[in-house]
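Heads up: the structure comes next, in structure tokens.
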Amino acid sequence: MPGAGHQIIDGERRVGTSGQTHDVIDPATGSVVESVDLAGAADVDAAVSAAAAAQPAWGGATPGERAAALTRLAGVLADRAEEYAQVETSQTGKPIKLTREFDVPGSIDNVSFYAGAARNLEGRAAAEYDGTHTSMVRREAMGVVGSIAPWNYPLQMAVWKVLPAIAAGNAIVLKPAELTPLTSVMLAEDCLAAGIPAGVVNVLTGAGRVAGEALLAHPGVRMVSFTGSTPVGKRVMEVASQTVKRVHLELGGKAPFVVFDDADLEAAVHGAVAGALINTGQDCTAATRAYVQRPLYDAFVQGVADLMRTVRLGDPRDESTDQGPLVSHAQQGRVAGFVDRARTSGAKVVVGGQVPGGALAAGAYYEPTLVIDAAQDSEIVQDEIFGPVLVVLPFDSDDEGIRLANDTPFGLAASAWSRDVVRSMRASREIQAGCVWINDHIPIISEMPHGGYKSSGFGKDMSQYSFDEYTQVKHVSVDITGEVRKDWHRTIFGDR
């Protein structure tokens, strides 16, 4: 509720101590959704202290007790699903059909998954590997986790950060992006409503250069998790290294969309437009560069152009709207700059490439855009745009298509389109990405891991694999002989 403070620390809403505020802007209209107070360094200290105090009891709870609390949380979120969808749309500009049908239900499913996963921490079976000691593996919580989430999927990214951490027995301090903090604050309050103890989930609404840096550097934080751009990810590693924290990074992407000449052309066209335009292209797994084998190239370009022209820009609260605005006018300018520079460099814009006027002029809109004839080494092919822009390039041999797919620093996601199982399996094996879809692009599921190769970071979100990130492995060795003098002691004193 406005005016009550936008920091959730030790189970209470507090006003940030920085003395500064930030207006959350509706990118569809430019109007202020809510003015939020910003956290300062003192708030970081308070949140980390609260998390450190709450973690031992929470980590000492049985997996079943933690699972029960997470099950209740899924129910609380389900009861407020429409409210979450409306708030998410207002602060991000996402079409309401996307928040209702993807963001919110996906987040609730993640919570439900971790309720079950909390009871399934795996380790090597106990055994006497040397014959005289029983060895076993314990998985233990890291302690206090500091997480920084991005603005493109505020609720989903908050859930991806918070749920595996607390399911494994950690306490967390989450800093959402200052552009889009509102659903993260709601989530923290709902954690309390579900019976998760005060201090286990804390949220700091603050600027990255102030609250974010203080959280990364705090000696009481044992692990940091960050989702965002690769340049900022490098800074996260730098700051975290000073206190030897574990680091989990999900960074930028430039997903290739490889269409072989035996692909179902209509399916590939539909997949490319949906994969490129989801969330107005503000998705690090979005299909941003399509490589199409030459026999299908012209028909693919024509098909994508025709389908893009049918996409309806408009008010994100209108259920018929397909694409809303970008998150801000600054992001709109960034996307437009990529396209304008590509034009200057000789690329051709087939569809879009403009900021719309008329009724949409006040918002941060950008038209769905198709670009061809760009050079492989150009910035529009190599760098993350984070907007509704698809670049299409031709290739000849299968070898060339896979080589081009791997020809960027990124490796988060990719897709390959073919009816041939051999081609498909080769692509899934040789494309360097954390996820390779075959004959689809974008779908994610709670049971499977999400994370990148190369400059797209390391570590996994979702799935049971995420517990590898948020737990420490401890070897426990128990002598079973009862002997006072062990055989190996002779290497230190005495004889056999």
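Restricting to segment 432-486, name every residue that is among the aliphatic types (A, V, I, L, M) and in a loop (DSSP other than H, G, I, E, B).
Ala433, Ile442, Ile444, Ile445, Met448, Met462, Ile480, Val484
Evaluate segment 70-89: report whether one residue or more is of a type in the set (Asp, Glu) and either buried (at least 18 other Cβ atoms within 10 Å of the Cβ) or in contact with a Lys or Arg (Cβ under 7 Å, 6 or more places away or on another chain) (or both).
Checking segment 70-89: at least one residue is of a type in the set (Asp, Glu) and either buried (at least 18 other Cβ atoms within 10 Å of the Cβ) or in contact with a Lys or Arg (Cβ under 7 Å, 6 or more places away or on another chain) (or both).
Report, by residue number, each residue of segment 341-377 that is of a type in the set (A, V, I, L, M), over 26 Å from Lys94 (Cβ atoms) and in a loop (DSSP other than H, G, I, E, B).
Those that are of a type in the set (A, V, I, L, M), over 26 Å from Lys94 (Cβ atoms) and in a loop (DSSP other than H, G, I, E, B): Ala347, Ala374, Ala375.
Which numbered condition trips up Glu65, out of (1) within 26 Å of Leu215 (Cβ to Cβ); (2) without any contact (Cβ under 8 Å) to a residue 24 or more places away in the chain?
(1)
Do we find a residue being in contact with a Leu (Cβ under 8 Å, 6 or more places away or on another chain), among the hydrophobic types (A, V, I, L, M, F, W, C) and modelled with pLDDT of 95 or more anywhere in segment 395-408?
Yes; the residues of segment 395-408 include at least one that is in contact with a Leu (Cβ under 8 Å, 6 or more places away or on another chain), among the hydrophobic types (A, V, I, L, M, F, W, C) and modelled with pLDDT of 95 or more.
Of all residues being surrounded by fewer than 15 Cβ atoms within 10 Å (Cβ to Cβ) and of a type outside the set (A, V, I, L, M, F, W, C) in segment 357-372, which is nearest to Asn279 (Cα to Cα)? Just the residue, please.
Looking at residues that are surrounded by fewer than 15 Cβ atoms within 10 Å (Cβ to Cβ) and of a type outside the set (A, V, I, L, M, F, W, C), I get Gly357.
So, in segment 233-251, of the ones that are in a helix (DSSP H, G or I) and not aliphatic (A, V, I, L, M), which residue ends up farthest from Tyr153 (Cα to Cα)?
Ser241
Criterion first (part of a strand (DSSP E or B), modelled with pLDDT of 95 or more and more than 30 Å from Val162 (Cα to Cα)) does Ala427 satisfy it?
no
For segment 100-140: of the residues being free of Cβ contacts under 8 Å to residues at least 12 places away in the same chain and part of a loop (DSSP other than H, G, I, E, B), which is nearest to Thr180 (Cα to Cα)?
Ala125
Quick one: how many residues across segment 151-200 are assigned to a loop (DSSP other than H, G, I, E, B) and not β-branched (Val, Ile, Thr)?
Within segment 151-200, residues that are assigned to a loop (DSSP other than H, G, I, E, B) and not β-branched (Val, Ile, Thr) number 16.
The values are calculated or read from the model by the stated rules, or taken from the named source; none is laboratory data. Treat the numbers as computed from the prediction; the structure is a model and nothing was measured. Methodologically, a virtual Cβ is constructed for each residue, glycine included, from the backbone with ideal geometry; neighbour enumeration extends over all protein chains shown.
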